[in-house]
Amino acid sequence: MATPAEIKARLGRNNSALKELQTDRAQVGYVSREWDTHPTSGLNPARLAEIMLNAEQGYLVDQFDLADDIEEKDAHIMAEIQKRKNALLGKQWQIVAPKNASAAEQRDADMVTDIINSLPDFEDLILDMGDGILRAISNSQIHWENEGNIWYPGKFESIPARRFETNDDDRNKVLLRLDGGQTEALWPLGWIQHTHKAKSGYIARAGLIRVLAWPFLFKNYSVRDLAEFLEIYGLPLRLGKYPSGATKDEKSTLLQAVMSIGHNAGGIIPTGMQIDFEEAAKGGEGPYMAMVSWAERSASKAILGGTLTSQADGKSSTNALGNVHDEVRQELLASDLRQIASTLTRDLVWPLVMLNGSTFSNMRRRPRLVFDTQDPEDLKTYSEAIPALVNIGMKISNQWVADKLKIPVPKDDELVLGVQQLPATAPNADAAQSQPTATPGAGTDSVQQTALNGAQITSLSEIIQQYTAGELDKDAAQALIKAGFPAIPDNLINQMLSGKQRQSQLPATKPDPTAAALRAIVALKQAAPKSADIDPLTQALAVAAGQQLDDDISAISKAVNEATSWDDVEKALITSFSDRGAVALSAIMQQAMAAAALAGRYDVELGN
């Protein structure tokens, strides 16, 4: 079995294409100086059919010349072809190493990537390969250069399609025309030989030229007829009248005046003669323009797959239909790039590996060029859908999301954007005693949501301390926190009360009337805030709190009536009842809230 070095020597660096250009040899001297035949001059249906028949039989020169003429003479076809060709530019590409690539295979893929990235006219090569959409073939000759042991294409030279023919025995094989009617196979390594199939079939029938030629011909008939119509009927008929007995010179003078008055807008005639302007024949440009419109719409359908991306008529065209036609155009673009990628892989990537790499021997393990034809998905839609899917347990890889959104995966040492995460605080009572503001344990957000002021934080800390000391049971502590801090979620309250409790100090049998009152308050607060709930609230307070709570009503009412906002109420109550402890103060706060609701003080708080 031959080694890679032997294969390289046999097939690579001894190749003639590395030493000279195939088109520079003497055998192609006459062919290179041939002039185009411009078959569209005097083109008629019979001549067009003859050109196509000759192409099917292997003589493609006239068909290629016809394609050049059509692209030059028909502005509409030229514009549509350019749209499709220019769409090929600017697309991302990459050299893909084989699956589970070895270090050598990956090194060869990286080497090819570096060389192609250094080619200044690589985009021009892709644009030239787009000529195959119309003509079915596009061949560019490679000018090889080398620096040391590294071989690379110094230049790509597009050769006109009329310099090629196909093999009679293999109509998909392209041959270079030589002098004297001879042909020669293209040299390996010497060409980017692209065959573009706009439709299936042999090369002679694969290009769009055979589809576009007929609309082009009929359109030109209509344009010619329209020009004649405008020349004949665009101006009114000028009729000269001379008297009987007019001399030959007088008639000649009158005829000259009639013929020139349409352009000069003035003239003189002998006395007794006259010029009358008759109405032009009835008719209009409608039939001619209808034919022109049909021809152009047919051309757009053949080239771009639709008409609404170039010829919206304002009647049948809608934005939705335009989007559908644009999707078809995207599918054509993907097909064009796939065909071009196959050619570049065969005629550029593999020769670079053969000449400069070490992994050419295994054909199935060679790298290949791939264009990225997918547009990024909608970022907003994915940013909303992905978290929801992850929350229900769906496993989604980072790579899949990055591929869909076209967001490059950062390298290990690359800086990335992100949100700074605060360190989590241990959810136990000891931490609550030492650091009151961080005690909730679920992060700063929860504390901010409750909008706790200093007094409220102190009260929350006291509740937790009393629970830890065994002065409150867990239900009472939960009820107090819910009543005083409704924005704190239940799971966070449970975390705050997860610390060890000194059971020995719990009251054995005597119920806590204040805690029972607060539990009743919490139950009422969790119900819908209707005015009808005021009576059971007051009843619960009176029954549970007893005479002590009644004694405070006057002070609470006074604070509520004198306040202009809820903050004033809080300050007054904290000042008056701070010696009662957190439990009693929280109960008083709830009573004040009920009183404020009765007095309409919520409107004061909201600034209404």
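The values are calculated or read from the model by the stated rules, or taken from the named source; none is laboratory data. This structure is a prediction, so every number in the text was calculated from the model and none was measured. Every residue, glycine among them, receives a Cβ derived from its backbone with ideal geometry; neighbour counts consider all protein chains shown. Note: areas computed on protein heavy atoms with side chains; ligands, DNA, RNA excluded. Shrake-Rupley method; radii C 1.70, N 1.55, O 1.52, S 1.80 Å.
Some values worked out for this structure:
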read-out: Filter result for the condition that a residue is surrounded by 15 or more Cβ atoms within 10 Å (Cβ to Cβ) and within 28 Å of Ser300 (Cβ to Cβ), over Leu18, Leu88; value: Leu88
read-out: Close pairs (8 angstrom Cβ cut-off, 6 or more residues apart or separate chains): among the polar types (S, T, N, Q) in segment 271-290, at pLDDT 80 or above anywhere; value: Gln274/Gly240; Gln274/Lys241
read-out: Of residues in segment 19-58 being of a type in the set (D, E, K, R) and in contact with a helix residue (DSSP H, G or I) (Cβ under 6 Å, 6 or more places away or on another chain), the one farthest from Glu157 (Cα to Cα); value: Glu56
read-out: Enumeration of residues in segment 108-119 that are open to solvent by 70 Å² or more (accessible area, probe 1.4 Å) and either touching a strand residue (DSSP E or B) at 6+ places or on another chain (Cβ under 9 Å) or in contact (Cβ under 8 Å) with a residue 12 or more places away in the chain (or both); value: Asp110, Ser118
read-out: Thr307, sole failed condition from (1) open to solvent by 70 Å² or more (accessible area, probe 1.4 Å); (2) among the β-branched types (Val, Ile, Thr); (3) in contact with a His (Cβ under 8 Å, 6 or more places away or on another chain); value: (1)
read-out: Pick from segment 372-394, criterion open to solvent by 90 Å² or more (accessible area, probe 1.4 Å) and closer than 30 Å to Ile95 by Cβ, ranking: farthest from the chain's Cα centre (by Cα); value: Leu379
read-out: Elements of type helices (runs of 4 or more DSSP H) in segment 9-98, at least 1 residues being under 30 Å from Thr373 (Cβ atoms); value: 61-73, 75-86
read-out: Residue identified as touching a Phe, Trp or Tyr at 6+ places or on another chain (Cβ under 8 Å) and open to solvent by 40 Å² or more (accessible area, probe 1.4 Å) among Lys301, Lys251, Lys199; value: Lys251
read-out: Strands (runs of 3 or more DSSP E) (entirely within segment 145-215) containing at least 2 residues that are farther than 23 Å from Trp35 by Cβ and not aliphatic (A, V, I, L, M); value: 150-159, 191-195
read-out: Residue satisfying all of: in segment 202-248; farther than 30 Å from Gly284 by Cα, modelled with pLDDT of 90 or more and charged (D, E, K, R); surrounded by the fewest Cβ atoms within 10 Å (Cβ to Cβ) among these; value: Arg205
read-out: Exclusive hit being surrounded by fewer than 23 Cβ atoms within 10 Å (Cβ to Cβ), touching a Leu at 6+ places or on another chain (Cβ under 8 Å) and of a type in the set (Asp, Glu), set Glu184, Glu145; value: Glu184
